[in-house]
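Written below as structure tokens is the structure these notes are about.
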Amino acid sequence: MFAKIYRPAKTAMQSGKAQTRKWRLEFEPSMAPPTDPLMGWTGSRDATGQVRMSFDTVEQATAFARAHNIPHHVTEPAAPKRAVKSYSENFAFRRREPWSH
């Protein structure tokens, strides 16, 4: 039973940052999910894959894992790359490609 502690990234479908400020503790699967030979459905015998715990800080998450003797690793979130653009840059003289509709 190994846990990972991370801060989730924002979804690609929306521009909002909801549910990205809290740290999450999730258990990594201990084995590959078995496939039902008749129907082809995937199942799981490991109930820890359904456990997701949220914490306000990374220190709280690691303290919880240490208090319960759960081996874990912390993944730091990558800094987002910001490309600051404005509408006037479409008409700038230094533009590499000519602007067209």
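Laid out as a table, the results:
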quantity	calculated
Residue count for the stretch 61-82, restricted to those that are among the small types (Gly, Ala, Ser) and either modelled with pLDDT of 95 or more or over 26 Å from Lys10 (Cβ atoms) (or both)	4
Which listed residue is free of Cβ contacts under 8 Å to residues at least 60 places away in the same chain, within 28 Å of Gln60 (Cα to Cα) and either surrounded by fewer than 10 Cβ atoms within 10 Å (Cβ to Cβ) or basic (Lys, Arg) (or both), from Arg24, Arg7	Arg24
Of the criteria (1) surrounded by 10 or more Cβ atoms within 10 Å (Cβ to Cβ); (2) on the phi < 0 side of the Ramachandran plot, which one Leu38 fails	(1)
Ser15 vs. criteria small (Gly, Ala, Ser), at pLDDT below 85 and surrounded by 10 or more Cβ atoms within 10 Å (Cβ to Cβ)	no
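Conditions tested, residue by residue: (1) surrounded by 10 or more Cβ atoms within 10 Å (Cβ to Cβ); (2) free of Cβ contacts under 8 Å to residues at least 24 places away in the same chain.
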{"residue": "Gly49", "(1), (2)": "yes, yes"}
{"residue": "Phe55", "(1), (2)": "yes, no"}
{"residue": "Gln60", "(1), (2)": "yes, no"}
{"residue": "Ala63", "(1), (2)": "yes, yes"}
{"residue": "Ile70", "(1), (2)": "yes, no"}
{"residue": "Lys81", "(1), (2)": "no, yes"}
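The values are calculated or read from the model by the stated rules, or taken from the named source; none is laboratory data. These figures come from a predicted structure and were not determined experimentally. Note that each Cβ is placed from the backbone with ideal geometry, even for glycine, and that neighbours are counted across all protein chains shown.
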